[in-house]
Amino acid sequence: MKLLTKEIERKLPKLGATEGVDLFEKEVVCKFFNPMGQGTWYVAEGEQQDDGDWLFFGLVDLLEREWGYFTLRELESVDVGWGLGIERDIAWQPKSIKEVQA
């Protein structure tokens, strides 16, 4: 599965663009998840880097929930077993973190 589409690229605010927005009001543009278990990445900002990779900022829910940075290459490199990797929620509609947590 292609994790990052051109449509998502166009919708993503650049890194730091939502800095003044309260964390719980930030809009999650896309969601990545582990189809075999724990791990969800809620993307609020993203920007392509000089090396071609994408750096994202968002809420990461692994062993605990925390805000942080992660890259597209990191997500694409994860093997969750049975030939599967991290997937994108294709039915995702943008919503605030507050709505995500409700």
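The values are calculated or read from the model by the stated rules, or taken from the named source; none is laboratory data. Keep in mind the model is a prediction, meaning the values are calculated, not measured. Please note: Cβ atoms are built from the backbone with ideal geometry, for glycine as well, and neighbour counts cover all protein chains shown. Calculation scope for accessible area: heavy atoms of the full protein, side chains included, ligands and nucleic acids excluded. Shrake-Rupley method; radii C 1.70, N 1.55, O 1.52, S 1.80 Å.
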Would you call D53 charged (D, E, K, R) and touching a Lys or Arg at 6+ places or on another chain (Cβ under 6 Å)? yes
Looking only at strands (runs of 3 or more DSSP E) that fall completely inside the chain, which ones have 2 or more residues that are touching a Phe, Trp or Tyr at 6+ places or on another chain (Cβ under 8 Å)? 30-33, 40-48, 54-61, 65-71
Quick check: anything in the stretch 26-34 within 19 Å of I8 (Cα to Cα), touching a residue at least 24 places away in the same chain (Cβ under 8 Å) and either open to solvent by 100 Å² or more (accessible area, probe 1.4 Å) or out of contact with any Asp or Glu (no Cβ under 9 Å at 6 or more places or on another chain) (or both)? yes
Taking V80 as the residue in question, decide whether it is in contact with a Pro (Cβ under 9 Å, 6 or more places away or on another chain) and more than 16 Å from A17 (Cβ to Cβ). yes
Among all residue pairs at least 6 apart or on different chains, which show Cβ distances below 8 Å where the first residue, located in the stretch 72-95, is closer than 14 Å to T5 by Cβ and the second is open to solvent by 80 Å² or more (accessible area, probe 1.4 Å)? E87/M1; R88/M1; R88/K2; P94/K11; P94/E27
